[in-house]
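What follows is a short report on a single structure.
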Amino acid sequence: RKEVEQDPGPFNVPEGATVAFNCTYSNSASQSFFWYRQDCRKEPKLLMSVYSSGNEDGRFTAQLNRASQYISLLIRDSKLSDSATYLCVVNPPGGSYIPTFGRGTSLIVHP
Amino acid sequence: NAGVTQTPKFQVLKTGQSMTLQCAQDMNHNSMYWYRQDPGMGLRLIYYSASEGTTDKGEVPNGYNVSRLNKREFSLRLESAAPSQTSVYFCASSVTGQLYEQYFGPGTRLTVT
């Protein structure tokens, strides 16, 4: 099993739709979790951290389910500008400073 | 505050040539990283430096060397470029520790012919 897995998509949704992505991780002791956004031919940028209790930032909601070892990202009222690849990142426990990136989920929002 | 900067933005090399990719950060981060990103492969870690004076191999270190010149700068060297090293290279930095996110530079697009 890969350490961090994401459905590559693409998820093709109309403007205004609600869309959700999941990301599963294999190390149950993982410490911290993030969602990054990567636009075409650009660098990844932090979208939001994922907290144990779940957190929301405007139209974006991130959740962590430790029992089932996955994190999720929900985007409400999708905009054309949300079209991008969304990368899930899991930081391991212990002394390693190496985060593990998923391969990303592609989102296309169409008019 | 420029964040993470990388030079050059684009480079074309012939097989066997060498070059150094430069990366600098002004956020006073201890940890720095070099990744490559290829279509369908996601980000793969080449080398990282947890703190000034230390470097360690990542997932795909073969064909590369790194230097942590000081706290701000972390360079990646290709001694003898190969077509398989055609990729987009990203440098990143972070506060050291498992709880912290990374900040990425804009990338270097390298083509080896």
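Figures for the structure shown
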item: Conditions (1) at pLDDT 95 or above; (2) among the charged types (D, E, K, R); (3) in a loop (DSSP other than H, G, I, E, B); number of the one not met by B:GLU52; result: (1)
item: Count - residues of region A:75-103 that are among the aromatic types (Phe, Trp, Tyr) and open to solvent by 40 Å² or more (accessible area, probe 1.4 Å); result: 1
item: Enumeration of residues in region B:55-70 that are in a loop (DSSP other than H, G, I, E, B) and either within 27 Å of A:ARG37 (Cα to Cα) or of a type in the set (Val, Ile, Thr) (or both); result: B:THR55, B:GLY58, B:GLU59, B:VAL60, B:PRO61
item: Residue match in region B:20-43 (condition: assigned to a loop (DSSP other than H, G, I, E, B), among the polar types (S, T, N, Q) and open to solvent by less than 50 Å² (accessible area, probe 1.4 Å)); result: no
item: Out of A:ASN12, A:ASN91, A:ASN55, sole residue that is in contact (Cβ under 8 Å) with a residue 12 or more places away in the chain, out of contact with any Pro (no Cβ under 7 Å at 6 or more places or on another chain) and not small (Gly, Ala, Ser); result: A:ASN12
item: B:SER75 being small (Gly, Ala, Ser), in a loop (DSSP other than H, G, I, E, B) and more than 16 Å from A:PRO99 (Cα to Cα); result: no
item: Out of B:GLU79, B:GLU73, sole residue that is of a type in the set (Asp, Glu), surrounded by fewer than 14 Cβ atoms within 10 Å (Cβ to Cβ) and out of contact with any Leu (no Cβ under 8 Å at 6 or more places or on another chain); result: B:GLU79
item: Out of B:ARG77, B:ARG68, B:ARG44, sole residue that is in contact (Cβ under 8 Å) with a residue 40 or more places away in the chain and either over 26 Å from A:LYS2 (Cβ atoms) or not small (Gly, Ala, Ser) (or both); result: B:ARG77
item: Tabulated pairs, region A:63-81, first on the phi > 0 side of the Ramachandran plot, second open to solvent by 70 Å² or more (accessible area, probe 1.4 Å), C-beta under 8 angstrom, 6+ apart or interchain; result: A:GLN69/A:SER28; A:ASP77/A:THR18
item: Those residues of region B:99-113 which are more than 16 Å from A:LYS45 (Cα to Cα) and either out of contact with any strand residue (DSSP E or B) (no Cβ under 8 Å at 6 or more places or on another chain) or surrounded by fewer than 18 Cβ atoms within 10 Å (Cβ to Cβ) (or both), in sequence order; result: B:LEU99, B:ARG109, B:THR111, B:THR113
item: Residue count, region B:46-58 (criterion: within 27 Å of A:PRO8 (Cα to Cα) and either open to solvent by 10 Å² or more (accessible area, probe 1.4 Å) or small (Gly, Ala, Ser) (or both)); result: 3
item: Per-region count, region B:80-113, residues at pLDDT below 95 and either in a loop (DSSP other than H, G, I, E, B) or basic (Lys, Arg) (or both); result: 8
item: Any hit, region A:24-33, residues being of a type outside the set (Gly, Ala, Ser), at the interface with chain B (Cβ under 8 Å from one of its Cβ atoms), within 19 Å of B:GLU101 (Cα to Cα) and out of contact with any helix residue (DSSP H, G or I) (no Cβ under 8 Å at 6 or more places or on another chain); result: yes
item: Residue check, A:SER72 under 13 Å from the mean Cα position of the chain (by Cα), facing chain B (nearest Cβ under 10 Å) and surrounded by 13 or more Cβ atoms within 10 Å (Cβ to Cβ); result: no
item: Complete set of residues in region A:82-97 that are more than 14 Å from A:GLN69 (Cα to Cα) and at pLDDT 95 or above; result: A:ASP82, A:SER83, A:ALA84, A:THR85, A:TYR86, A:LEU87
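The values are calculated or read from the model by the stated rules, or taken from the named source; none is laboratory data. Worth saying up front: this structure is predicted, and the values here are computed from it rather than measured. Reconstructed Cβ throughout: ideal geometry from the backbone, glycine too, with neighbour counts over all protein chains shown. Keep in mind that these areas ignore ligands, DNA and RNA; they rest on the heavy atoms of the full protein, side chains included. Shrake-Rupley method; radii C 1.70, N 1.55, O 1.52, S 1.80 Å.
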